[in-house]
Each structure stands twice: as structure tokens, then as C-alpha cells.
Amino acid sequence: MSKMQKALMVGVWALLVLAMVGVVATRATRPQPQHATAPAAPLFAAPSFQLVDQNGQPFGSDDLRGKVWIADFIFTHCAGPCPIMTSRMADVQRALTSSDVKLVSFSVDPERDTPQVLKEYSNRFNADDSRWQFLTGTKQELSDVAKGMNIAAKDDANSGIIHSTLFLLIDRNGQVVRLYHSEDEQEMKRLAADADQLAEISAGQGR
């Protein structure tokens, strides 16, 4: 092979290497498609219940069938985390875009939290009655719901009412799929987006 041929061969290989580097760089800098996150695997089934809402109307798990919903456990005269939790739920209400996502706040002090009391409390946070239910019933009924949700809730003679501050995201099939710590601002910011996404991904299911 002559010197001229060798020089041409080296030049060709150099051009090929540069072309390959260019392709790799283009692929690396090109915006990658955004893939929707798959629905979370179910943690456990939400319990069945039949309670009364802030308007004195019957409301139960059957009314949530086929809906994505978010639940928390509060009581209206709570001087600790409950007002903050309800304020965060109000933030979620404003952030939601899907009408298929419902909000449910269970009272852990149903003996004092009558429908009238819950209505006054819900008005303080501008709750939308078509989306957000505050529920009461007998003490046993609410205890059963908390237990079915794996939520700690008890009335301690010395410490008063003690309950979990978790939020729960439930899918259209009545399965709890995620838990959120109300004290974590980043988790709470994700909650509305996660609920909307779950409603979109599972649209048409469980109806």
C-alpha cells in the first residue's frame, strides 16, 4: 500500500470516528421523552364504611367506587397538627385538576364532631362540598375505619386524642397505593400531582 493510500485510509477512518462522535453527542443532548410513572403497587385495601358527611347526608365507600381519593384523619378542636393538615388538604383541593379525585377527612372525635360542627369547620377552609367530605358517625365506626386504614387513632385518658398525620392515596379499585407525611412539604406538593396522574392513568377502570 502506497503512502498516498495509507494517508487516504487514515483520513477516512478519522471522518468516520468524527461522525460517530457527532451522532452520540446529538443523542445525548436531544430531549428525552417523558414517560408517565406507572401506578404504584397496592399496599392494602381501604375498608368499607357508611358514615355521615358535613351536610348530614349518608356517605360511604360505595360513593367513592371508581374514584381516586385522598384521605386523612383529623378532629375539629385539635390544637396541634389538624389545622395544618386541613390547610394542606385545602392546598391539594386547589391544585387538583381531575374532577375524579375526591377528598375525605375522617373525624377521630365523632362524638363532638357532629355534622354541624364539621360543616362550620369545612367552611373555614373553603371546602368544596362536591369534592371534599368530612365524615362522622359512631366512635366504633370511625375506629373501625382507622384500623382498616392502618392508621393509629386512640383517645388516651392522659394525652387526649392521638392519631396519625399521614395522608393516604386510594385508587379507583379501593386500594391504598401511597402514604404521605403531612410534615414533609415536598411529599405534600407531590400529592395532588400524583392523584391527578393516577386518575389519568387509570381512567376508565373500576367504573
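All conditions but one from (1) surrounded by 20 or more Cβ atoms within 10 Å (Cβ to Cβ); (2) assigned to a loop (DSSP other than H, G, I, E, B) apply to ALA203; the one that does not is (1).
Pairing each residue of the range 49-68 that is without any contact (Cβ under 8 Å) to a residue 12 or more places away in the chain with any residue that is among the β-branched types (Val, Ile, Thr) and not in a loop (DSSP other than H, G, I, E, B), provided the two are 6+ apart or on different chains, yields C-beta distances under 8 Å for PRO58/VAL52. Of all the listed residues (LYS147, LYS139, LYS119), the sole one being of a type in the set (D, E, K, R), touching a Pro at 6+ places or on another chain (Cβ under 7 Å) and either within 22 Å of ALA45 (Cα to Cα) or touching a residue at least 40 places away in the same chain (Cβ under 8 Å) (or both) is LYS139. Regarding VAL117, is this residue at pLDDT 95 or above, of a type in the set (A, V, I, L, M, F, W, C), closer than 23 Å to VAL52 by Cα and out of contact with any strand residue (DSSP E or B) (no Cβ under 6 Å at 6 or more places or on another chain)? So VAL117 fits the description; yes.
The set of residues in the range 44-68 that are in a strand (DSSP E or B), touching an Asp or Glu at 6+ places or on another chain (Cβ under 9 Å) and surrounded by 19 or more Cβ atoms within 10 Å (Cβ to Cβ) comprises LEU51, PHE59, VAL68. Residue check: ALA79 meets all listed conditions (1) within 21 Å of ASN123 (Cβ to Cβ); (2) at pLDDT 95 or above but one, namely (2). Looking only at the range 89-138, filter to residues that are small (Gly, Ala, Ser) and assigned to a loop (DSSP other than H, G, I, E, B); which one of those is nearest to GLU187 (Cα to Cα)? In this case the residue turns out to be SER98. Considering only residues in the range 120-136 that are under 11 Å from GLN54 (Cα atoms) and touching a strand residue (DSSP E or B) at 6+ places or on another chain (Cβ under 8 Å), the one that is surrounded by the most Cβ atoms within 10 Å (Cβ to Cβ) turns out to be PHE134. Scanning the range 148-165 for residues that are outside any loop (DSSP other than H, G, I, E, B) and at pLDDT 95 or above returns a single hit, GLY148.
The values are calculated or read from the model by the stated rules, or taken from the named source; none is laboratory data. For clarity, every value in this text was computed on a predicted model and none was experimentally measured. In this analysis, Cβ positions are derived from the backbone assuming ideal geometry, glycine residues included, and neighbour counts consider all displayed protein chains.
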